[in-house]
Amino acid sequence: MEKAVVPPEKKQYQEIGEDLREQIIQGHYPVGSRLPPERNIAEKYGVSRTIVREALLMLELQGTVDIRQGSGVYVMRIPQVHENEEERFLSSDVGPFEILQARQLLESNIAAFAATMATRADVDNLRRILEQEQRAIALNDTTQDNSKMFHLVLAGASQNQMLLATVESIWHQMDSSPLWQQFNVHIASRPYRLKWLGDRQTLLAAVRRRDVMGAWQAMWQHLENVKKSLLELSDEDAPDFDGYLFESVPIFQGKLM
């Protein structure tokens, strides 16, 4: 007797995305109309804005909505009732906020450790990567993945192969995540690249002076900035960062040995 296949449990963002999609199909939001502000959707479902954002990214990935910075989220098409979207909704894709939270926990500590272990060659390699990114930004060259290279080289500067392998695994997850790639579309513009470059220059400066807490804080703040950028993309009436809606990693106040 064949064993029944149990479908994977849906994540919250998938359930909300599916419900919003159903409302669009039923005509509550016609093509060209704007969905309610993310804050309103979050209150309706009793979830954080980050969960709503992931649901909207999923719908954007499917071509159902368009997220427009400073304007809102607009319906682009009415999905067909019998479209085979089940595979997308039941995918094991990890949401971008979950990825960022993991990175914030792990890479901040790796950066602190790298500040004590980095060699001169490591520092020179990191500096060259940032110089290469600076040139790429000036030329509007989007073919180079200097961000990934910087974080991998920094992890390697810890001189610990397990830590490097862990960071490589996270980046592999991001590279293979449709939701992360959709998010990345929104933060790949020149202003964002310049901001991330500045963040990494601050981080490198801390590593060069072997400032353990400075390196920890610089990495933590960089990933916090990336996370905040995702939350600030579309709500036209959004106030300052809603920190209470997403439990950020608290700034470490103790001393690292």
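The values are calculated or read from the model by the stated rules, or taken from the named source; none is laboratory data. The structure presented is a predicted model; accordingly, all values stated were derived computationally and were not measured. We place every Cβ from the backbone using ideal geometry, glycine too, and count neighbours over all the protein chains shown.
For the range 117-126, does any single residue satisfy the condition of being loosely packed, with under 15 Cβ neighbours inside 10 Å and among the basic types (Lys, Arg)?
Checked the range 117-126: at least one residue is loosely packed, with under 15 Cβ neighbours inside 10 Å and among the basic types (Lys, Arg).
Restricting attention to the range 148-158, does a residue exist that is of a type outside the set (Lys, Arg), under 17 Å from the mean Cα position of the chain (by Cα), part of a loop (DSSP other than H, G, I, E, B) and surrounded by 15 or more Cβ atoms within 10 Å (Cβ to Cβ)?
No, the range 148-158 contains no residue that is of a type outside the set (Lys, Arg), under 17 Å from the mean Cα position of the chain (by Cα), part of a loop (DSSP other than H, G, I, E, B) and surrounded by 15 or more Cβ atoms within 10 Å (Cβ to Cβ).
What helices (runs of 4 or more DSSP H) lie completely within the range 24-123 and have 1 or more residues being modelled with pLDDT of 85 or more and in the same structural domain as residue 206 (by TED's automatic domain parsing)?
Numbers: elements: 38-45, 49-61, 86-89, 96-117.
Of the helices (runs of 4 or more DSSP H) lying wholly inside the range 24-123, those with at least 1 residues that are modelled with pLDDT of 85 or more and in the same structural domain as residue 206 (by TED's automatic domain parsing) span 96-117.
How many of the residues in the range 175-186 are surrounded by 16 or more Cβ atoms within 10 Å (Cβ to Cβ) and in a loop (DSSP other than H, G, I, E, B)?
Summing the residues that are surrounded by 16 or more Cβ atoms within 10 Å (Cβ to Cβ) and in a loop (DSSP other than H, G, I, E, B) in the range 175-186 gives 1.
Looking at the structure I just gave you, is residue 200 of a type in the set (Lys, Arg) and on the phi > 0 side of the Ramachandran plot?
No.
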